[in-house]
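Let me begin by presenting the structure, written as structure tokens, before commenting on it.
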Amino acid sequence: MIQFNETSGLYASFATDERGATSVEYTVIIATIALGIIGTVDDIGPALVVIFNNAAALLNAV
């Protein structure tokens with residue numbers, strides 16, 4: 001019976017403990033920002049290749 005009370009107390013303290021919540025929130029924020037950057041670079045990448053290839057061709061023509 002003592003073990004049950006200790007276990008329920010452990011679960012109660014775990015449920016009210018918010019020390020790790022901040023690091024999880026920061027991880028979610030960073031992951032969202034990274035996905036946004038990856039998506040943007042993926043969309044802009046081919047256009048940048050064309051721009052730099054045109055610039056290189058103009059420089060080679062000079």
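The values are calculated or read from the model by the stated rules, or taken from the named source; none is laboratory data. None of the values given here were measured: they were computed from a predicted structure. Don't worry about glycine lacking a Cβ; one is built from the backbone with ideal geometry, like all the others, and counts go over all protein chains shown.
Quick notes on this one:
Conditions tested, residue by residue: (1) at pLDDT 90 or above; (2) loosely packed, with under 10 Cβ neighbours inside 10 Å.
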| residue | (1), (2) |
| --- | --- |
| Thr16 | no, yes |
| Ser23 | no, yes |
| Ile29 | yes, no |
| Leu35 | yes, no |
| Thr40 | yes, no |
| Asn54 | yes, no |
| Leu58 | yes, yes |
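- For the range 9-46, filtered to residues that are among the acidic types (Asp, Glu) and part of a helix (DSSP H, G or I), the residue that is nearest to the chain's Cα centre (by Cα) is Glu25.
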